[in-house]
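Everything on this sheet refers to the single structure shown next.
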Amino acid sequence: KKFGGYGGGYPHGGKRRVNSRTSQAQRDEVIRRTVYVSDIDHQVTEEQLAALFINVGQVVDCRMCGDPNSVLRFAFIEFTDEEGARAALNLSGTVLGYYPVRVLPSKTAIAPVNPTFLPRSDDEREMCARTIYCTNIDKKVSQADVKLFFESICGEVYRLRLLGDYQHNTRIAFVEFVMG
């Protein structure tokens with residue numbers, strides 16, 4: 001079974017049941033079925049995390065959050081019922097990867113993916129498949145240096161956007177390649 005991403009592989013097709021017309025009682029019920037997991041080793045995948053929690057209840061959604069390059073990340077896991085979420089709390093302290101995870105009752109439901117941020121056409125999807133996001137680029141490194149670095153390892157760069165501000169001493173880049 002596939003977990004994560006945009007709705008793939010979930011029993012409910014990944015569609016969220018919480019929207020502006022949903023009653024507060026229904027929202028509270030979804031929150032009671034959701035746990036917050038912290039201190040997740042950066043090498044642990046959504047699939048591995050969900051596999052741990054499938055042992056205590058049926059998982060509806062598993063959403064990994066945080067910078068994938070950070071040592072520790074966090075996640076939200078929603079179960080079909082409150083019993084699954086309560087049982088999941090007992091997994092706090094279980095070592096997954098190199099660290100014991102912390103499992104707490106969630107204060108929020110899993111936020112739905114905003115469809116306006118997703119690629120809408122085949123061209124946009126294809127462009128996304130050829131684009132990488134790069135962080136922690138020293139401000140002394142020029143756009144030409146970044147382009148040369150990626151072209152020497154990965155292939156011809158079609159477009160490069162190097163972004164930064166005055167508050168941070170590093171920058172980020174979106175690098176779009178000619179070939180995927």
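General observations
- A Cβ distance below 8 Å, combined with a sequence gap of six or more or placement on separate chains, defines the contacts here; from the range 132-143, residues that are on the phi < 0 side of the Ramachandran plot reach residues that are hydroxyl-bearing (Ser, Thr, Tyr) in the pairs Thr135/Thr170; Ile137/Thr170; Asp138/Thr170; Lys139/Thr170.
- When residues in the range 131-147 are screened for being surrounded by 11 or more Cβ atoms within 10 Å (Cβ to Cβ) and under 24 Å from Arg63 (Cα atoms), 4 of them pass.
- Flag if Asp122 is under 17 Å from Arg171 (Cα atoms) and loosely packed, with under 12 Cβ neighbours inside 10 Å: no
- Pairs with Cβ under 6 Å, 6+ apart, first in the range 98-117 and surrounded by 14 or more Cβ atoms within 10 Å (Cβ to Cβ), second among the hydroxyl-bearing types (Ser, Thr, Tyr): Val101/Thr94; Arg102/Ser38; Arg102/Ser92; Val103/Ser92; Ser106/Thr34; Ser106/Tyr36; Ala109/Thr34; Val113/Tyr6
We did not get these values from a lab; they are worked out from the coordinates using the rules stated. Keep in mind it's a predicted model, so treat the numbers as computed, not measured. All Cβ positions, glycine included, derive from the backbone under ideal geometry; neighbour counts span all protein chains shown.
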